[in-house]
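Asks: My structure is below; once you've seen it, I'll send some questions.
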Amino acid sequence: MNAASLSAGNTINSATGEVIFTAGWTGTSIITATASGCNGPKTATHTVSIIPTVGTPVFALGNTSGRCQGVGSVIYSASASNNTGITYELDLTSILAGNTINPTTGEVTYVAGWFGTSEITATATGCNGPKSTTHYATTGQPVEAPIFLSGNSSIRCQGAGPVSYAATATNSTGITYSLDITSRNAGNTINSSTGVVTFVAGWSGSSTVTASAAGCAGPLTSTHNITTTPTVGNPVFALGNSSTRCIAAGSVTYSASATNSTETKYYLDNTSQLGGNTIDSLTGEVIFAPGWFGTSTITVTVWGCNGPKSANHTVTTNQAVLTPVFSLGASSVRCQGNGTVTYMATAANSTGISYSLDASSLAGGNTINSSTGAVTFSSTWTGTSTVTATATGCYGPTQQSHTITITPSVSTPIFSLGSTSIRCQGSNSVTYTATATNFTSLIYSLDGLSISGGTQ
């Protein structure tokens, strides 16, 4: 045997010519036979070519690949070491669907409607062969546009919290989500994998969630529009929290407004309704009965996001003010002199009473407290003063006067005979007359001693 074969580990039985080859030997071995004898020895050689084992085919595209549904062809070529030839086969299911393969090149021609998995088998011939490998080619259907579970649009109320805007897409290999930049700049966020949007408390307005579906002939996108409605405001009555009116048949509209409200209704308290009053629940117009007086409560309720919300308006219906009545009556008398006297009056259903004094009295130095009716008289004033009480209220004002007569001070009596006189003892009578200004009566009396002496 040649030296190269022997050095590779191969051996030969020199007696029988049996060669034992090692597993990894390839190449050329030469066996030489030598015959001894006359005119010998003589030799001959036998050349043996040891061909390597064919390798397992390896596809250029790997073990698997994918493509999108549609007419077309793909070459699935493979290589194998030491092969003497490679042939290709296509699985029966793919063939029955109309797909074909070039057995020499591995080119598969797909029909339009095919989708699923095709098996391309490459078989390599050669020593210790054949050997085969299969490539799995998945033909996917085109991805469809995403469909949001909550439809194309939705409305939510203002407030912090997460909301899921998930979508599905037929034949998709994955969906990612994004949120418009205006919403993000306001502090809202989105989970790109799930479509969950977390809203901040103060956000209101429009938001757009975009779903992007990956897959064959993709990606395809769809949008979902979200309207975040502001919170309904507290209702405010145009007439404020309370008002007053005078007793009478008539109507008053107690309208209220509230920001972001979707509906408004008005209600009247039961007591007022039992009194014959009615209300228009849509406008807030109250029709009052002729004889009604007292307190009515109008309640407005507004609906809207984070509502409903309510507010009350209190209406006081007053009776007609009556004429004032002085506690001292229609007139009074006082004596001349410095001092203060209060001439107070009352008036039913009055909202307030003010007092005034006649011009002559004021010119004479007298004054009056317009709130209390207290008159301060000058020490020199005499004559007539008039205090007028004016009562305000429904259908007013009403007035009443009180007349005061200020009587001058009585003077000291003056005897016509003077302070003293003289008479002679004897029984007779003498008249001692006296006069006094501003007196109302004049009475005479005698000292006790004179009376005890018998004088009358």
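The values are calculated or read from the model by the stated rules, or taken from the named source; none is laboratory data. Everything numeric in this text was worked out from a predicted model, so none of it was measured. Cβ placement follows ideal geometry from the backbone for every residue including glycine, while neighbour counts extend to all protein chains displayed. To get the accessible areas, we keep the full protein, side chains included, count just its heavy atoms, and leave off ligands, DNA and RNA. Shrake-Rupley method; radii C 1.70, N 1.55, O 1.52, S 1.80 Å.
Asks: Can you tell me which residues in the stretch 132-161 are of a type in the set (S, T, N, Q) and farther than 30 Å from Asn188 by Cβ? Working first, answer last.
Replies: Initial filter on the stretch 132-161 (of a type in the set (S, T, N, Q)): 132-134, 138-139, 141, 150, 152-154, 158.
Answer for the stretch 132-161, where residues must be of a type in the set (S, T, N, Q) and farther than 30 Å from Asn188 by Cβ: Ser132, Thr133, Thr134, Thr138, Thr139, Gln141.
Asks: For the stretch 295-315, indicate whether the set of residues that are over 38 Å from the mean Cα position of the chain (by Cα) and farther than 30 Å from Ser411 by Cβ is non-empty. Let's see the steps before the verdict.
Replies: Here is the first cut: in the stretch 295-315, the ones over 38 Å from the mean Cα position of the chain (by Cα) are none.
Looking through the stretch 295-315, none of the residues is over 38 Å from the mean Cα position of the chain (by Cα) and farther than 30 Å from Ser411 by Cβ.
Asks: Being of a type in the set (Gly, Ala, Ser), buried (at least 17 other Cβ atoms within 10 Å of the Cβ), over 30 Å from Arg156 (Cα atoms) and in contact with an Asp or Glu (Cβ under 7 Å, 6 or more places away or on another chain), is that true of even one residue in the stretch 277-296?
Replies: yes
Asks: Would you call Ser207 farther than 30 Å from Thr173 by Cβ and of a type in the set (S, T, N, Q)? Can you show your working first?
Replies: On the way: farther than 30 Å from Thr173 by Cβ: no; of a type in the set (S, T, N, Q): yes.
For Ser207, the condition - farther than 30 Å from Thr173 by Cβ and of a type in the set (S, T, N, Q) - is not met.
Asks: If only one of Thr264, Thr208, Thr228 is hydroxyl-bearing (Ser, Thr, Tyr) and touching a His at 6+ places or on another chain (Cβ under 8 Å), which one is it? Explain how you work it out, then say what you get.
Replies: Working: Thr264 fails: touching a His at 6+ places or on another chain (Cβ under 8 Å); Thr228 fails: touching a His at 6+ places or on another chain (Cβ under 8 Å).
So the residue among Thr264, Thr208, Thr228 that is hydroxyl-bearing (Ser, Thr, Tyr) and touching a His at 6+ places or on another chain (Cβ under 8 Å) is Thr208.
Asks: For the stretch 239-267, what are the residues that are under 12 Å from Ala311 (Cα atoms) and either without any contact (Cβ under 8 Å) to a residue 40 or more places away in the chain or open to solvent by 50 Å² or more (accessible area, probe 1.4 Å) (or both)?
Replies: Asn241, Ser242, Ser255, Ser257, Thr264, Lys265, Tyr266, Tyr267, listed by residue number.
Asks: Taking the stretch 398-452, which residues are open to solvent by 50 Å² or more (accessible area, probe 1.4 Å) and within 60 Å of the chain's Cα centre (by Cα)?
Replies: Within the stretch 398-452, Gln399, Gln400 meet the criteria.
Asks: Which of the numbered conditions does Thr26 fail, given that it passes all the others? Conditions: (1) hydroxyl-bearing (Ser, Thr, Tyr); (2) under 19 Å from Asn128 (Cβ atoms); (3) open to solvent by less than 50 Å² (accessible area, probe 1.4 Å).
Replies: (3)
Asks: Kindly indicate whether Ala60 is more than 30 Å from Ile20 (Cβ to Cβ) and open to solvent by 60 Å² or more (accessible area, probe 1.4 Å). So that I can check it myself, show each step before the final result.
Replies: Details: more than 30 Å from Ile20 (Cβ to Cβ): yes; open to solvent by 60 Å² or more (accessible area, probe 1.4 Å): yes.
It is true that Ala60 is more than 30 Å from Ile20 (Cβ to Cβ) and open to solvent by 60 Å² or more (accessible area, probe 1.4 Å).
Asks: So, one more: Can you tell me how many residues in the stretch 184-199 are open to solvent by less than 50 Å² (accessible area, probe 1.4 Å) and over 30 Å from Thr138 (Cβ atoms)?
Replies: The first filter runs over the stretch 184-199 and keeps only residues open to solvent by less than 50 Å² (accessible area, probe 1.4 Å), leaving 186-188, 190, 195-197, 199.
Imposing the further condition that a residue be over 30 Å from Thr138 (Cβ atoms) reduces the set to 186-188, 190, 196-197, 199.
Number satisfying all stated conditions: 7.
Asks: Being free of Cβ contacts under 8 Å to residues at least 24 places away in the same chain and of a type in the set (A, V, I, L, M) is the filter here, so list the residues in the stretch 268-299 that pass it.
Replies: Of everything in the stretch 268-299, those that are free of Cβ contacts under 8 Å to residues at least 24 places away in the same chain and of a type in the set (A, V, I, L, M) turn out to be Leu274, Ile279, Leu282.
Asks: Identify all residues within the stretch 384-403 that are assigned to a strand (DSSP E or B), out of contact with any Phe, Trp or Tyr (no Cβ under 8 Å at 6 or more places or on another chain) and within 30 Å of Ala248 (Cβ to Cβ); write none if there are none.
Replies: Of everything in the stretch 384-403, those that are assigned to a strand (DSSP E or B), out of contact with any Phe, Trp or Tyr (no Cβ under 8 Å at 6 or more places or on another chain) and within 30 Å of Ala248 (Cβ to Cβ) turn out to be Ala391, Thr392, Cys394, Thr398, Gln399, Ser401.
Asks: Another question, then. Report whether or not Ser378 is free of Cβ contacts under 8 Å to residues at least 40 places away in the same chain, open to solvent by less than 60 Å² (accessible area, probe 1.4 Å) and over 18 Å from Leu446 (Cα atoms). Please lay out each step first, then the result.
Replies: Numbers: free of Cβ contacts under 8 Å to residues at least 40 places away in the same chain: no; open to solvent by less than 60 Å² (accessible area, probe 1.4 Å): yes; over 18 Å from Leu446 (Cα atoms): yes.
So Ser378 fails the test.
Asks: Another one. Here is a list: Gly373, Gly393. Which entry is touching a strand residue (DSSP E or B) at 6+ places or on another chain (Cβ under 6 Å), touching a residue at least 24 places away in the same chain (Cβ under 8 Å) and at positive phi?
Replies: Values: Gly393 fails: touching a strand residue (DSSP E or B) at 6+ places or on another chain (Cβ under 6 Å).
Answer to the check: Gly373.
Asks: Output the number of the condition that Thr34 fails; it satisfies all remaining conditions of (1) touching a Lys or Arg at 6+ places or on another chain (Cβ under 8 Å); (2) at pLDDT below 85; (3) of a type in the set (S, T, N, Q).
Replies: (2)
Asks: Take residues that are touching a Pro at 6+ places or on another chain (Cβ under 6 Å) and tell me which of the strands (runs of 3 or more DSSP E) falling wholly in the stretch 113-191 contain 2 or more.
Replies: Correct list: 116-125.
Asks: So, in the stretch 139-172, of the ones that are open to solvent by 70 Å² or more (accessible area, probe 1.4 Å) and closer than 30 Å to Trp114 by Cβ, which residue ends up nearest to the chain's Cα centre (by Cα)?
Replies: The qualifying residue nearest to the chain's Cα centre (by Cα) is Ile147.
Asks: Continuing with the same structure: Checking the conditions here, which among Val286, Val252, Val325, Val300 is of a type in the set (A, V, I, L, M, F, W, C) and touching a Pro at 6+ places or on another chain (Cβ under 7 Å)? Steps first, answer last, please.
Replies: Working: Val286 fails: touching a Pro at 6+ places or on another chain (Cβ under 7 Å); Val252 fails: touching a Pro at 6+ places or on another chain (Cβ under 7 Å); Val325 fails: touching a Pro at 6+ places or on another chain (Cβ under 7 Å).
Unique residue meeting the criteria: Val300.
Asks: How many residues are at pLDDT 95 or above and surrounded by 14 or more Cβ atoms within 10 Å (Cβ to Cβ) when one looks only at the stretch 173-183? Walk me through it before giving the result.
Replies: To start, the set of residues in the stretch 173-183 that are at pLDDT 95 or above comprises 174-183.
Then keep just the ones that are surrounded by 14 or more Cβ atoms within 10 Å (Cβ to Cβ); that gives 175-180, 183.
Residues in the stretch 173-183 being at pLDDT 95 or above and surrounded by 14 or more Cβ atoms within 10 Å (Cβ to Cβ): 7 in total.
Asks: Now for a different question. Report, by residue number, each residue of the stretch 3-20 that is assigned to a helix (DSSP H, G or I), among the hydroxyl-bearing types (Ser, Thr, Tyr) and open to solvent by 40 Å² or more (accessible area, probe 1.4 Å). Steps first, please.
Replies: Of all residues in the stretch 3-20, those assigned to a helix (DSSP H, G or I) come to 3-7.
Now drop any that are not among the hydroxyl-bearing types (Ser, Thr, Tyr), which leaves 5, 7.
Answer for the stretch 3-20, where residues must be assigned to a helix (DSSP H, G or I), among the hydroxyl-bearing types (Ser, Thr, Tyr) and open to solvent by 40 Å² or more (accessible area, probe 1.4 Å): just Ser7.
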